[in-house]
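Structure, as C-alpha cells:
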Amino acid sequence: MAVPVVIVLTKELLRVSRAGGGYHPQFVGDDHRELAARVIGIYQGHVGQRREQLESALTDLERDAPDFKLVRGFAKLLEREATFETRAPLPPERARRVAFEAAERVGVVTESDRERALAVAADRLAVEPDDLDESLYADLEDRQVLTDVSARYDPESLCRQYDLSLAQTALFDATEVRIESDDPKAVISAVKRLRLMYEIERTGDGRAVVVTGPTALFRRTRRYGTRFARLLRSVAKTAEWRLVATIDDDGTDRRLVLTGADVTVPDHEPVTAVTFDSGVEADFATRFEALDLDWDLVREPEPLAAGAHVVIPDFAFDYRYADFRVYFEIMGFWTPEYVAKKLDRLADLEDVELLVAVDRSLGVGEIEDIDQLTESGDASAEIEARDHRAITYSGTVRLKNVRDALRRYEDELVAESVAELPEKLVPEEDVTTLAAVAEEHGVSEDAIEARSLPEHERLGRTLVRPGVLDSLAGEIEAGMDLGDVESVLETHGIDDASAILSRLGYRVEWDGLSGGTVRER
C-alpha cells in the first residue's frame, strides 16, 4: 500500500492566534465554503491555460478575500491535485540550443538582431519563427499549462483538508504532544508503525500517549516531522480524542489544544504505515524463529507498567527451561537519552529485562559531552558501548547481536540450572542423547554438558555405555557397506554414525552421494 504525501502548509501560510498566551490555529467555518468554491473554480476554469494566468487570477482573488493566506492555503492543497505540462511546437531545450547558436553567429545586440537570429534558427529547424519563439522558454514553471485538476475535493472536503493541514503545520513546532483517545490501542499502533519516540502514561481514565515533537530534536527534524505530522491523521480517525501540544513559538512555549471538534479526516483514507521500515519486525521474527534456539519468540507481549508509565515492547523472548522472559523493542527514531530512559524505566522492576534495537540511520539527537563518545564519534556506537542491552543495526537487525545479548542471560540461567543438578548424572538407558537427558531434567543441553556422566561416554550428542561400544566393535568391521553399518547402529538406538565410527577407529570411503564403505583409519 502506498503512503500518501503529507500535505502540510508552508510556515508563511500558518494562521494562528496567540490570544491569552495560547497557540490557536485559525480553522475555517461554514462562511469559508464560498471562498473554497471560488478557488476550486479558478483552477477548473484555467485548465488549458498557463500557470502565470492561473496565478494572476488567484492574486486577484486574494485582494478581495478577508485573508490572503487562506486563498494561498486552499491553492496549496489544490496544487497537489493539479497536473501541469510543457506544451510547445518544439522541445524547448532543442529550440534554445539552435537559437543560441544562431545568435552567436549573427551577434545579437538589438531587437532586429534577435529577430534575424530567430529567422535563421527557424529556417534550420524548418518551423515558423513565431513557433520557435513560443518554444524557447515553454518549460519554465510559469509558462507550463494546467492540463487537469483532480475532482478529489469539493468545497466542504477542501475546508476539512485545510484544517487538518493547518494543524499539522502548527505541530511541526511542537516539542511534545500528549494524546488521549477512546481508542488508545489504535494511537499506540500508529506511533509504533511511524517509529516515533514516545512514552505511555497511565491516567485515571486509561492511558495517555506522550510523543516527542520535531522541535525537540537536534537534527533531521524534517524527516521526523513528516512522520509526526502523519500521526494526526490516525488520531483524528478515532471517535473521541484530545491532543495537547507544547509549541516552541520562537523561544516561547505555548499550549496548543486540538479535539475532534477542530480536525476531522477527509473521506480519502489515510495511510499510517511507513514503507521503508514496515518489514523490519516481520523480517526479524522469521529469521529468529528459524534458528531454533532455547528461546521462544512471543509477538506483542503484554504491556509493562513502570510507575506512572507503560512500555509496550514488540517482542518477548521466553527461555524454555526457566520462568524467565526478556522483552525486545525495535525502536524507530531515537536519541541516546531516549534509549537510556527506555532502558532505565524498567531497571528497578523485578524480573523485567528489556533489550532495544536502534537503527543507526534514525538517530536524531546529539551527545553534549564529547568525552562520552567512542573513538568512532558515532552516537549509536556510544550507546552500544555504554549499555549491552542496546543493539545497533542498519537495515535489518543482526541475529548474531541479539544472540550475543541473550547469551548473557543464558549463561546465568544455565549456571543456575547446573547448580540444581546432581554432581553426577546416571541415565538408565545404555544409549541416550544429551537432548533426552536435558528434557528429563527440564534444563538445557548446555547444563547437562557441565555435569559428569560417569557411566556413559559422550560421542557427539550421543551418550553410550562402554558395553555397547564393545558389542559394536564385534559387529562392525572394515569393508562393510555404510548402509549395513547404519542398520547395526539403529538396533542399538544410535543414529549418529560418524561419531561412533570415529570412536571405533573407522572412516567412510564415500561412493558418490548415495553411500560408501567403512575403512580403517
For segment 40-163, give the magnitude of the charge dipole about the Cα centre (Cβ charges: +1 Lys/Arg, -1 Asp/Glu; no others), in debye to the nearest 20.
300 debye
Once amide H atoms are placed 1.01 Å from N in the peptide plane, what residues at a sequence separation of 5 or more from residue 354, or on another chain, have their amide H within under 5 Å of its amide H?
327
Compute the acute angle (0 to 90°) between the alpha-carbon long axis of helix 184-193 and the principal axis of greatest extent of the alpha-carbon atoms of the chain; round to the nearest 10°.
90 degrees
Note the direction-averaged projected area, equal to a quarter of the hull surface, for the Cα convex hull of the chain, in nm².
42.4 nm²
In Å³ per residue, the alpha-carbon convex hull of segment 431-520 encloses 101 Å³
Dipole of the chain, Cα-centred, from +1 at each Lys and Arg C-beta and -1 at each Asp and Glu C-beta, to the nearest 20 debye?
2400 debye
Counting only helical runs of four or more DSSP H residues, what would the 222 nm mean residue ellipticity of the chain come to if each run contributes -39,500 (n - 2.57) and the total is spread over all its residues?
-12500 deg cm²/dmol
Just rank 111, 353, 52, fewest to most, by other beta-carbon atoms within 10 angstrom.
111, 52, 353
What's the ranking of 100-110, 241-251 by average number of surrounding C-beta atoms within 10 Å, highest first?
241-251, 100-110
Please give the charge dipole size of segment 431-520, origin at the Cα centre, charges +1 on K and R Cβ atoms and -1 on D and E Cβ atoms. Round to the nearest 20 debye.
280 debye
Can you give me the long-range amide H partners of residue 26? Hydrogens built in the peptide plane at 1.01 Å from N, cutoff under 5 Å, separation of 5 or more residues or another chain.
15, 16, 17
Number of Lys pairs in the chain closer than 18 Å at Cα, excluding neighbours under 8 places apart unless interchain, is 6
Place +1 on the Cβ of every Lys and Arg and -1 on the Cβ of every Asp and Glu in segment 88-137, take the dipole about the Cα centre, and give the residue among 137, 100, 118 whose Cα lies farthest towards its positive end.
100
Quickly work out the residue 123-to-residue 67 label distance, labels modelled 7 Å from Cα along the C-beta direction, and quote it in nm with one decimal.
6.1 nm
Grab the beta carbon distance between residue 151 and residue 53, set R0 = 22 Å, and tell me the FRET efficiency rounded to 0.05.
0.55
Fewest Cβ neighbours within 10 Å first, please rank 197, 480, 331 accordingly.
480, 331, 197
Here segment 88-137 gives, from Cα atoms, an Rg and Dmax in Å of 9.5, 26
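Values in this text are rule-based calculations from the coordinates and carry no lab data. Because the structure is a prediction, the values reported are computed rather than measured. A quick note on method: Cβ atoms are made from the backbone with ideal geometry, for glycine too, and the neighbour counts reach across all protein chains shown.
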